[in-house]
Amino acid sequence: MIRLEAVEFAYGRTRVLDGFTLDIPARAITVLAGSSGSGKSTVLRLIAGFEAPHRGIVMIGDEAVSRDGRIVVPPESRGVAMVFQDLALWPHMTVRQALDFVLGSAVPLAERRSRIDTALALVGLEHHADARPGRLSGGERQRVALARAIVIQPRILLMDEPLSNLDPHLRDALVTELRRIQTELALTVLYVTHSREEIFALGDRIALVGVGRVEQSGSPRELYERPSTAVVATFLGPGALLPGRLNGDRVECALGALPVPPPANLPAGQVLVLIRPEDVRVASAGPFMGRVERTVFTGGCFEVEIAGPEWRLIAAVGEELASRSEVRFSIRRAAILPWST
């Protein structure tokens with residue numbers, strides 16, 4: 001397990017992390033998501049030991065590896081490997097030479113060969129051991145970077161947007177491979193990404209970072225269905241945010257009265273109502289009515305924008321609806337967020 005507790009960090013006068021606290025469970029994939037400049041890559045650098053927090057503690061297991069401006073445990077002793085966005089492969093080395101260089105002469109030759117063969121087999125590159133990066137595809141180069149990280153047998157794998165430069169079909173294939181490798185090696189993985197697809201495909205847990213702090217952490221389903229702030233709600237997927245007033249198990253908004261399960265620790269009063277596209281059910285007997293503003297085919301369904309006098313929703317439907325037509329619909333579920341967001 002990794003823990004960052006009340007971490008503060010700045011580059012010069014620019015504060016990047018301010019009271020950043022996060023628990024990262026062992027032997028699972030935690031996805032760190034958020035907008036550019038929110039401090040995600042800095043978190044990776046603090047865990048790797050490339051930087052020390054100006055204040056606060058970084059712990060790996062029961063050991064404080066950095067605290068209050070000091071690196072207590074050096075990077076090479078942390079059992080941490082990192083895969084960078086730009087991969088940083090050495091063009092003059094073959095795949096096998098690159099992995100052998102990382103292990104170094106301190107590891108006996110026979111063990112180096114065994115570990116290299118194992119790492120290449122894990123990432124499916126055993127037939128490309130003698131190739132240089134320039135002869136490999138983008139997906140194969142990404143696998144080299146992953147093999148170079150796991151060949152040192154780390155406890156923790158840090159990944160900084162490693163698939164962002166790949167085509168979608170290659171990215172999807174490597175997401176599947178990464179999940180398999182993480183399970184097989186029981187690695188603790190912290191994975192930084194902007195991609196919603198990667199967030200939901202990889203994350204056992206998600207930590208959504210705002211400006212220098214964790215907005216919310218939990219399972220992907222928890223954050224999607226029960227976001228604690230508007231930042232979390234809008235980052236993880238489309239949805240309408242309507243002003244409303246909570247009173248018991250009902251909320252009044254521009255649509256009318258909606259039944260909702262009473263949110264924990266949220267008093268009656270002004271709130272935001274989140275309605276996701278899949279929770280809008282177009283049906284002739286629905287209690288609400290609106291006008292179709294646009295219809296877009298997204299592959300598996302149609303995304304329909306429905307509008308009323310003071311509101312606008314997105315619905316996911318199975319058939320195309322005529323623009324400017326009137327439709328009736330119901331709301332299956334709505335999430336309630338604090339107004340202060």
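The values are calculated or read from the model by the stated rules, or taken from the named source; none is laboratory data. Remember, predicted model here, so these are calculated numbers, not experimental data. In this analysis, Cβ positions are derived from the backbone assuming ideal geometry, glycine residues included, and neighbour counts consider all displayed protein chains.
Things worth noting here:
- Residue match in the range 182-195 (condition: farther than 19 Å from MET82 by Cβ, in contact (Cβ under 8 Å) with a residue 12 or more places away in the chain and buried (at least 21 other Cβ atoms within 10 Å of the Cβ)): no
- Of the candidates VAL317, VAL292, VAL296, the single residue that is at pLDDT 95 or above and of a type in the set (A, V, I, L, M, F, W, C) is VAL292.
- No other residue among VAL260, VAL280 is at pLDDT below 90, of a type outside the set (Ser, Thr, Tyr) and under 13 Å from ARG332 (Cβ atoms) apart from VAL260.
Quick grid of which residues meet (1) of a type outside the set (Ser, Thr, Tyr); (2) surrounded by fewer than 16 Cβ atoms within 10 Å (Cβ to Cβ):
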| residue | (1), (2) |
| --- | --- |
| THR42 | no, no |
| LEU46 | yes, no |
| ILE57 | yes, no |
| GLU63 | yes, yes |
| GLU76 | yes, yes |
| ALA81 | yes, no |
| ALA88 | yes, yes |
| MET93 | yes, yes |
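- Which numbered condition PRO25 fails, given (1) touching a Phe, Trp or Tyr at 6+ places or on another chain (Cβ under 9 Å); (2) at pLDDT 95 or above: (1)
- Just one of the listed residues (GLY138, GLY134) is touching a Leu at 6+ places or on another chain (Cβ under 8 Å), among the small types (Gly, Ala, Ser) and at pLDDT below 95, namely GLY138.
- Filtered residue count, the range 221-257, keeping only those that are more than 30 Å from the chain's Cα centre (by Cα), under 18 Å from SER330 (Cβ atoms) and of a type outside the set (D, E, K, R): 6
- Selection of the range 206-239 for residues being buried (at least 16 other Cβ atoms within 10 Å of the Cβ), at pLDDT 95 or above and among the small types (Gly, Ala, Ser) yields ALA207, SER217, GLY218.
- Filter pass, ARG67 being over 18 Å from GLN153 (Cβ atoms), surrounded by 15 or more Cβ atoms within 10 Å (Cβ to Cβ), over 25 Å from the mean Cα position of the chain (by Cα) and touching a residue at least 12 places away in the same chain (Cβ under 8 Å): yes
- Leading residue by the ranking (farthest from GLU177 (Cα to Cα)) among those in the range 103-126 that are surrounded by fewer than 17 Cβ atoms within 10 Å (Cβ to Cβ) and under 32 Å from the mean Cα position of the chain (by Cα): ASP117
- Here ALA119 does not qualify as more than 20 Å from GLU184 (Cβ to Cβ), modelled with pLDDT of 95 or more and assigned by TED's automatic domain parsing to the domain that holds ALA207.
- Selection count, the range 263-275, where residues are at pLDDT 90 or above and over 16 Å from ARG226 (Cα atoms): 1
- Of all residues in the range 299-341, those that are closer than 21 Å to LEU241 by Cβ and in a loop (DSSP other than H, G, I, E, B) total 10.
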